[in-house]
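The values are calculated or read from the model by the stated rules, or taken from the named source; none is laboratory data. Note that this is a predicted model, so its numbers are computed, not measured. For neighbour counting, all protein chains shown are included, and Cβ atoms are generated from backbone atoms with ideal geometry for every residue, glycine included.
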Amino acid sequence: MWSVTLSLIAQDTTYYQVSGKMKSIGLSVDGQREGTWNFYYVSGTLSAQLIFDEDMLDGKQRYYYPNGSLQALEIWNQDLLQDSAFYYHETGALEKKGKYLDNLYFGKWEFYHSNGYLKRCGNYDQGTPVGHWQIFYEHGGLWQEGKLVLGLESGMWQYYDNLGHIQYVGAFDHGRQIGVWYKYNWRGKKKRWKYFD
């Protein structure tokens, strides 16, 4: 029979700003941050509440604006951004939401104007915008839509005026306008507008 003795040195650790105000407080185990740590602005208000496992971010992390409102909620797994994330304007309105995979945007992301209306939405693959994207006016109406390939416009794109009427339609190739583009008049009649080589 044998036994193993494990020795841990654990202590609450507090760091201070040059001004003498608290900068952060949390538990250190063998010199590594463990569990929940609170970080503070120079003003003394909470700037972040982060969870560590062996000095790596792990779990749901919270970030705050100087006025105390929530700035972001992120999920980390062993120092990598993973899964759902939510970011907020200083007013408290949602700014953007989506998922991460290994620190990169992944799947559907939605971005919002500060007034709460959708700003743009689409998908990401390994951090690059791909597939069908829509972009909206600040009042919520659709402004433009089309396909992105490797982050560049590709194929047919449509543009709308602020009342929702189609205004222009044309094609892109690797982010460059190509071929015949059409413009629509106020009655919805399509007319050749420009040609791009």
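Quick notes
- Selection within region 12-48: residues that are of a type in the set (D, E) and in a strand (DSSP E or B). The member of this set that is modelled with the highest pLDDT is E34.
- All of I51, I135 fail the test of being outside any loop (DSSP other than H, G, I, E, B), touching a Ser or Thr at 6+ places or on another chain (Cβ under 6 Å) and surrounded by 14 or more Cβ atoms within 10 Å (Cβ to Cβ), apart from I51.
- Flag if G170 is surrounded by fewer than 16 Cβ atoms within 10 Å (Cβ to Cβ), modelled with pLDDT of 95 or more and not basic (K, R): no
- A single member of G179, G164, G188 is in a strand (DSSP E or B), in the same structural domain as G107 (by TED's automatic domain parsing), free of Cβ contacts under 8 Å to residues at least 60 places away in the same chain and at positive phi, and it is G179.
- Some residue of region 84-104 being in contact (Cβ under 8 Å) with a residue 24 or more places away in the chain, surrounded by fewer than 17 Cβ atoms within 10 Å (Cβ to Cβ) and touching a Phe, Trp or Tyr at 6+ places or on another chain (Cβ under 7 Å): yes
- Complete set of residues in region 109-153 that are out of contact with any Lys or Arg (no Cβ under 6 Å at 6 or more places or on another chain) and under 15 Å from K99 (Cα atoms): W109, C121, G122, Y124, D125, Q126, G127, T128, P129, V130
- Count of region 69-111 residues, restricted to those that are closer than 21 Å to I51 by Cα, touching a strand residue (DSSP E or B) at 6+ places or on another chain (Cβ under 6 Å) and part of a loop (DSSP other than H, G, I, E, B), is 4.
- Applying the set (1) touching a Ser or Thr at 6+ places or on another chain (Cβ under 7 Å); (2) surrounded by fewer than 15 Cβ atoms within 10 Å (Cβ to Cβ) to V18 leaves exactly one unmet item: (1).
- Screening W143, W193 for residues that are surrounded by 15 or more Cβ atoms within 10 Å (Cβ to Cβ) and over 28 Å from W76 (Cα atoms) leaves exactly one candidate, W143.
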